[in-house]
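What follows is a single structure, written as structure tokens, with notes after it.
Values in this text are rule-based calculations from the coordinates and carry no lab data. Please read all numbers here as calculations on a predicted model, not as lab measurements.
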Amino acid sequence: MNNLLYKIKTSAQNVNNEVFVSFIVCNPKGEQPNIIIGFNNGIIKLFNFRSNGTLKLTKILTEHTNSINYISFNPINPNIFSSCSNDNSLILWNFMNNDDIQFEKITFHSESYSSIFSYDGSLLCCFYNNELMQQGTIILYNINIIDNRRISISFASTYTTNNIEFYSICFHPNNKLLFIGTSTSLIILNIDDNYTITEQLKFRCNYVLSTSCNILGDLCIFTDLDNYIHIIDIRNEKIKLYQNKIELQKYFSSQSETKILFHPRNSYLFAIYDDNNIIILDISSPKIKCICKYHHPNKITCISFNFSGNVIIFSSENKLVILEIDFNVVNRRPNTMKMLGNMAISTAN
């Protein structure tokens, strides 16, 4: 097994009994809770920003028993969010009744790696891998809101592959296309009106580790284990690679896992990060431009844009670090990123 791939697969394993932040996400509408943080021991903590820039802990959730792999807000109703974990489960959380927290837990045959909502909030998609049988499975669920307070989740469909493992996933804004990063390719799946999932297109490459689609739905970006960035053009009926793949070595000096995240307001800006660097790239023209870069001395675990896109928040050594993005007032492109501050995040229950 490739050294980097081994590192990725074992990164959430608690070898030294150390507790650390494994995932962080900001509320897409800026509502409360503002930030949700997951830990590798299964704990989830909800925070609100105070006016002085510090965080106030509002909830601690303890239903998971192993590392949190992914947390996703419902884009239409941020009082609903999902979490998936190495304890082989997916949990759908509902905070619509203030302190009356509802949740529904679904258990799988293997570790649940990722869960995302469709842009209209009506579908929840998750995936898990069965490494013993070398199978990847995607499950699609319907999300229904009842009386503006209660939620129900029901099975819609499933999609399974043999001899392929899944590593990343994102929805297209039309709620009909899924982009799946696998061990052999990026697969584009179509969801019809009956929720039947079929393969539409496939781009061959080695281990697609991260995928992201912009808010206009005309571009999808993914990175692979060979340290390349690929861009897919979805602006016409014929989906195609936008241009030649881009070497990540142009931006990062060492080989480590890279992840990508489109800007929440600008469809042609995206952040890419590795263990110690965050870079914002501009793809508004055929020639990709590196707009600004931030280097951090300690390992970066996970990053998230705030809802307006002028702040990046990331975790490093159980500290929450806040970066402010300085935008040019004329062309609305970032000039610099500077650290506003950091605060310790308690790992205690």
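Could you pull the Cα extents of segment 40-107 along its three principal axes, largest to smallest, in whole Å?
39, 25, 21
Once the chain is represented by equal point scatterers at the alpha-carbon sites, with solvent omitted, what log10 I(q)/I(0) does the Debye formula produce at q = 0.14 Å⁻¹?
-1.23
Normalised by the number of residues in segment 21-344, what is the relative contact order in percent for Cα pairs under 8 Å and 6+ residues apart?
9 percent
Please report, to two decimal places, log10 I(q)/I(0) for segment 215-349 at q = 0.14, 0.17 Å⁻¹ as given by the Debye formula with identical point scatterers on the Cα atoms and no solvent.
Results for segment 215-349 at q = 0.14, 0.17 Å⁻¹ read -0.66, -0.95.
Quick one: divide the alpha-carbon radius of gyration of segment 78-129 by 2.2 N^0.38 Å and tell me what you get.
So segment 78-129 has a normalised radius of gyration of 1.17.
From largest to smallest, what semi-axes in whole angstrom does segment 239-318 give when each is the square root of 5 times an eigenvalue of its alpha carbon gyration tensor?
For segment 239-318, the ellipsoid semi-axes come out as 22, 17, 10 Å.
Per DSSP helix of 4 or more residues, -39500 (n - 2.57); summed, then divided by the residues of the chain. What does that give at 222 nm, rounded to the nearest 500?
When only DSSP H runs of four or more count, the value is -500 deg cm²/dmol.
Given H placed on each backbone N at 1.01 Å, which residues far from CYS292 in sequence or on other chains put an amide H within less than 5 Å of it?
Here the answer is ILE280, since their amide H atoms fall under 5 Å of that of CYS292.
Suppose we take every Cα in segment 170-282 and form the convex hull; what volume per residue is that in Å³?
It comes to 101 Å³ per residue, whole-number rounded.
Restricting attention to the alpha-carbon atoms of segment 84-237, what are Rg (one decimal) and Dmax (integer), both in Å?
When restricted to Cα atoms, segment 84-237 yields Rg and Dmax of 15.9, 49 Å.
What per residue convex hull volume, in Å³, comes out for segment 121-175 when only alpha-carbon positions are used?
So the per-residue hull volume is 96 Å³.
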